[in-house]
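Before I ask anything, let me first share the structure, which is written out below as structure tokens.
The values are calculated or read from the model by the stated rules, or taken from the named source; none is laboratory data. What you see is a predicted model, and the numbers here were worked out from it, not measured in a lab. Cβ placement follows ideal geometry from the backbone for every residue including glycine, while neighbour counts extend to all protein chains displayed.
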Amino acid sequence: MTEHTTTHAADEDFRNRDIKIYVNGDIVHRDEAKVSVYDSGFMLGDGIWEGMRLYKGTWAFFDEHMDRFFNSCKAVSMDVGMDKAGIAEALRRTAEANDMHNDVHCRLMLTRGIKDKPFQHPSLSTSGPTLVIIMEHSKPVDRLQSTGIQLASVPQVRGLPHSQDPKLNSHSKLNCIIACLQAEAAGADEALMLDPHGFVNTTNACNFFIVRRGEVWTSTGDYCMNGVTRQKVIDLCRENGIPVFEKNFSLYEAYGADEAFLTGTFGAQTPVAEIDGRAIDGERPVTKRIQALYKELVQRHCA
């Protein structure tokens, strides 16, 4: 079986074997961190999550992540049970318990909580929400910056907003998992997903950009997660004289791109080396400039 890499590939850190995890106010060893089989997140994928990174003791773009998290929870009528300051304190306690300060990735997860009976209706979750915080020592592998990611376009598409809005960072990720499986079957690392109209949209895990003749293109954003890193890249381009467009484009334009890269909280900007067997090679000058600008932005933000 061919070994694939992903945009979330990280070198193994043995410290992660003994991390402590936040579960509803308690901070316990990972072996003791458990939720009920009646929890709505386990039973139905009824939950909202957020991914964040810790740089030198500061959660990068915390306000933007919290705006997305609280808006998503509101959209699905899920009571967080605390405000942003409460989340910040829970994050602080968890980081302190793990003595974590830098190169840390966090997955913050909220579900509707334990259900009285194993059925779908939200009213059956009467005990209040379940909040879990997992933090790991995690640094992207260096080789991805030179080798890049291999993508395959797949049959699985990003859905319409009135079916399940892709802007919801929900626990229900089966759509993306199916896309990932299809990419793996095609011999690629990750899936390049189209929107319902056949235009290039996003990968199963990250937002997607191409560079053509010095211009940076990404999807309209109508059918993809509104990535925090995606928006930072768009803003940096506008502030630094790099032409950037949110637009519809097809695989034809993607195949002929001079450069392509993915954006996400974990990997920041990850180069794409190949789409459906078509190589995208070269020096990647625009991608490298954006990477440098983003690194400077994070350093300023976390100073």
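Hey, can you tell me all the residues within the range 159-182 that are part of a loop (DSSP other than H, G, I, E, B) and under 18 Å from the mean Cα position of the chain (by Cα)?
GLY159, ASP165, PRO166, LYS167, LEU168, ASN169, HIS171, SER172, LYS173
Now for a different question. With the condition being under 19 Å from SER170 (Cα atoms), I'd like the strands (runs of 3 or more DSSP E) fully within the range 1-110 carrying at least 1 qualifying residues.
Output list reads 20-23, 47-55.
Would you call ARG230 assigned to a helix (DSSP H, G or I) and surrounded by fewer than 20 Cβ atoms within 10 Å (Cβ to Cβ)?
no
Looking only at the range 92-145, which residues are buried (at least 19 other Cβ atoms within 10 Å of the Cβ), free of Cβ contacts under 8 Å to residues at least 60 places away in the same chain and closer than 17 Å to GLY267 by Cα?
Of everything in the range 92-145, those that are buried (at least 19 other Cβ atoms within 10 Å of the Cβ), free of Cβ contacts under 8 Å to residues at least 60 places away in the same chain and closer than 17 Å to GLY267 by Cα turn out to be VAL104, CYS106.
In the range 237-269, which residue that is modelled with pLDDT of 95 or more and among the β-branched types (Val, Ile, Thr) is surrounded by the most Cβ atoms within 10 Å (Cβ to Cβ)?
By that ranking, first place goes to THR263.
Mind telling me which of the residues ALA254, ALA292 ends up being assigned to a helix (DSSP H, G or I), of a type in the set (Gly, Ala, Ser) and within 19 Å of GLN156 (Cβ to Cβ)?
ALA254
Is it the case that some residue within the range 151-158 is within 30 Å of THR58 (Cβ to Cβ) and in a strand (DSSP E or B)?
No, the range 151-158 contains no residue that is within 30 Å of THR58 (Cβ to Cβ) and in a strand (DSSP E or B).
Sticking with this one: Take PHE62 and tell me if it is in the same structural domain as VAL132 (by TED's automatic domain parsing), more than 25 Å from GLU96 (Cβ to Cβ) and within 23 Å of the chain's Cα centre (by Cα).
Considered against the rule, which asks whether it is in the same structural domain as VAL132 (by TED's automatic domain parsing), more than 25 Å from GLU96 (Cβ to Cβ) and within 23 Å of the chain's Cα centre (by Cα), PHE62 comes out as no.
Look at VAL157 and say whether it is closer than 17 Å to ASN248 by Cα and touching a residue at least 12 places away in the same chain (Cβ under 8 Å).
Against the criterion (closer than 17 Å to ASN248 by Cα and touching a residue at least 12 places away in the same chain (Cβ under 8 Å)), VAL157 qualifies.
For LEU44, all conditions in the list (1) over 21 Å from THR265 (Cα atoms); (2) without any contact (Cβ under 8 Å) to a residue 60 or more places away in the chain; (3) of a type in the set (A, V, I, L, M) hold save one; what is the number of the exception?
All conditions are met except number (2).
Only one residue in THR94, THR147 is in contact with a strand residue (DSSP E or B) (Cβ under 8 Å, 6 or more places away or on another chain), polar (S, T, N, Q) and modelled with pLDDT of 95 or more. Which one?
It is THR94.
Let me ask something additional. Can you tell me which residues in the range 270-282 are assigned to a loop (DSSP other than H, G, I, E, B) and either surrounded by fewer than 21 Cβ atoms within 10 Å (Cβ to Cβ) or basic (Lys, Arg) (or both)?
ASP276, GLY277, ASP281, GLY282
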